[in-house]
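Below: the structure, in C-alpha cells.
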Amino acid sequence: MTNAMVSPTPRPGILDISPYVGGASKVAGASRIIKLSSNEGALGPSPKAVAALRAMAPDMHRYPDGHASGLRQALADCHGLDAERIVCGAGSDELLQLLVRAYAGPGDEVLYSRHGFLIYPIAAKACGATPVAAAERDLVASVDNLLAAVTPRTRMVFLANPNNPTGTYLPAEEMTRLRQGLPDDVLLVIDAAYAEFVGRNDYSPGTAMVEDHDNVVMTRTFSKIYAMGGMRLGWAYCPAAVADVLNRIRGPFNVSSAALIAGQAAVEDADFIELSRRYNDYWRDWLSGELAGLGFHIVPSVANFVLVRFPREAGHDAAAADSFLRTKGVIVRAMNSYGLPDSLRISIGRDEEMQAVVAALTEFVGA
Ligand SMILES: Cc1ncc(COP(=O)(O)O)c(C=O)c1O
C-alpha cells in the first residue's frame with residue numbers, strides 16, 4: 001500500500017491567510033538605511049532597560065518566572081491596576097491570537113474596522129473563524145457601521161485605538177457607545193498599542209472600561225513607546241475570567257527572562273517614557289506640517305506615525321514615491337495590504353531621519 005497521495009491538510013481557513021509582512025529593513029545597494037516602516041520608537045529603548053538586559057545575560061540558563069510577577073506588579077503600580085488581571089505575552093500579537101483561539105472558532109465571526117491592524121483577520125482565519133470588516137468614515141472607525149455588522153455569529157470585536165495604520169482614534173464616549181451597543185456575550189478587544197502617544201483629553205486607553213465590564217479586554221505593547229519590538233513583549237488587562245482563560249492556554253514560559261527584566265526596568269523609567277512622548281509630539285507635528293506644506297494630504301495622527309495620501313497619477317502616486325524614497329535609502333510602509341494603495345505610512349524617527357524624508361519627498365514633488 002502506498003500513501004503517496006495522502007498528505008497532511010491544515011484546517012479550513014489556514015491557506016486563505018496572506019502571511020503578515022513586517023516593515024522592510026534593507027534596500028539593495030543602499031549603504032545608509034533610514035527605517036521608518038515599523039513604528040518602532042524613534043529614541044530606542046530606555047538605557048535602564050538595556051542595562052538590565054546586559055546584567056541578566058549570565059543567568060540566561062534559568063527559566064523565566066512563568067507568572068511574570070515582577071513585571072505585572074510594575075505595570076499595576078505604574079497604571080494603578082490590579083496585577084492579578086494582567087497577562088503578559090510574547091508581544092501583544094500573541095495575546096491577540098490567544099484571545100481569538102479562546103473565544104472564536106469555525107462558524108463564528110470576528111469583527112474589525114476596515115483599515116484596522118492586519119493581525120485581526122489573520123488571527124480569525126487561523127482559528128477557522130470568519131473575519132468581518134466594517135466600513136470606516138474618513139479613515140476613522142465607525143461605531144455605527146461596527147454595530148450594524150453584528151450578527152448572531154459575532155463573538156469578538158477588535159478595535160485598535162488609536163488605529164494602525166490610519167493614526168486616528170475614537171474618543172472614550174464613542175468607545176462606550178460601542179460597548180453599550182454590542183451584545184453582552186461579544187468580547188470587545190481594545191488594542192491600545194499606541195496609547196502612550198495620545199495627548200487628547202477625550203481619549204482613554206480602555207482600562208476603566210475593562211474594570212467596569214466583564215466583556216472588555218485591553219492589550220498593550222512594549223514595541224512602540226518602549227521601543228522594545230525585538231524583545232517581543234506585550235500585556236493584556238482583562239476581566240478576571242478572561243485572565244484565567246489566557247493563563248490556561250498560554251505557554252507556561254511564554255515571555256523570556258530577557259523581556260521580563262528589560263520590560264520591568266523600562267516601565268520603571270518614567271522619565272524616559274515622558275521624553276519619548278514629548279519627542280514624538282514635536283516631530284509628528286513637524287513632519288505633518290512639512291508634508292502638508294508640500295501639498296500632501298496628511299491624516300491627522302495621534303500615534304508615532306503619519307499616513308500620507310498621494311495623488312493617483314502615475315509617476316506621482318504612492319508607489320512612485322515609495323520607489324523614489326528607496327533610492328535614498330528611506331524605507332516607509334506601502335499600504336496596499338491595508339486597502340490603501342494611495343497611501344504611505346511614515347514612522348516618526350530621529351531628527352535627521354525626519355529631515356531626510358522631508359528632503360527626499362521635496363525632491364520627489366519637484367521631480
Ligand atoms: C495596532 C497594533 N497592535 C498590535 C501590534 C503588535 O505589537 P507587538 O509587537 O506587541 O506584537 C502592532 C504592531 O505594529 C500594532 O500596530
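Laboratory data are not the source of any read-out in this text; all were calculated from the coordinates shown. This is a predicted model, so every value here is computed, not measured. Ideal geometry is used to build each Cβ from the backbone, glycine not excepted, and the neighbour counts take in all protein chains shown.
Full extension from D184 to N145: what is 0.36 nm times the residue separation minus their Cα-Cα distance, to one decimal in nm?
On the way: separation 39, 0.36 × 39 = 14.04 nm, distance 1.81 nm.
Fully extending the segment from D184 to N145 adds 12.2 nm.
Of R220, R350, R200, which is the most mobile in a GNM of the chain whose springs link Cα atoms less than 10 angstrom apart?
Judging by the Gaussian network model, the answer is R200.
Give the shape of the stretch 1-55 as rounded, prolate or oblate, defined through the alpha-carbon gyration tensor: a ≥ b ≥ c are the square roots of its eigenvalues, a/c under 1.5 means rounded, and otherwise the shape is prolate if a/b is larger than b/c and oblate if not.
On the way: a/c = 3.08, a/b = 2.10, b/c = 1.46.
Note, shape of the stretch 1-55 comes out prolate.
So which helices of the chain fit the span-like rule, where a helix is a whole DSSP H run, its Cα atoms reach 20 Å or more along the axis, and its mean Kyte-Doolittle is at least 0.0?
Working: long enough: 270-293 (35 Å, -0.79); 351-366 (23 Å, 0.49).
Correct list, ordered by number: 351-366.
Rounded to the nearest 20 debye, what is the charge dipole size of the stretch 48-268 about its Cα centre when +1 sits on each Lys and Arg Cβ and -1 on each Asp and Glu Cβ?
Numbers: 19 positive and 24 negative charges, 142 e Å.
Value, rounded to 20: 680 debye.
Over all directions, how big on average is the projection of the convex hull of the alpha-carbon atoms in the chain, in square nanometres?
Details: hull surface 88.1 nm².
Averaged projected hull area, Cα only: 22.0 nm².
For the stretch 225-333, build the convex hull from the C-alpha positions and give me its volume per residue in Å³.
Numbers: hull volume 19.6 nm³, N = 109.
Measuring per residue, one finds 180 Å³ for the Cα hull of the stretch 225-333.
What order do you get for 321-328, 263-270, 10-17 when each peptide is scored by the mean count of other beta carbon atoms within 10 Å, highest first? Could you put the intermediate results ahead of the total?
Working: 321-328: 17.8, 263-270: 21.2, 10-17: 11.8.
In decreasing order of mean packing, 321-328, 263-270, 10-17 become 263-270, 321-328, 10-17.
State the antiparallel share, in %, of DSSP beta bridges confined to the stretch 48-268, rounding to the nearest 5.
On the way: 9 of 27 bridges.
About 35 percent, rounded to the nearest 5.
What value, in deg cm²/dmol to 500, does the helix sum -39500 (n - 2.57) over DSSP H runs of n ≥ 4 give at 222 nm once divided by the residues of the chain? Could you put the intermediate results ahead of the total?
On the way: 12 runs with 136 residues, N = 367.
The helix contribution divided over the chain gives -11500 deg cm²/dmol.
Taking +1 at the Cβ of each Lys and Arg and -1 at the Cβ of each Asp and Glu, which of P8, L187, P64 sits farthest along the dipole of the chain towards its positive end, judged by Cα position relative to the Cα centre?
Result: P8.
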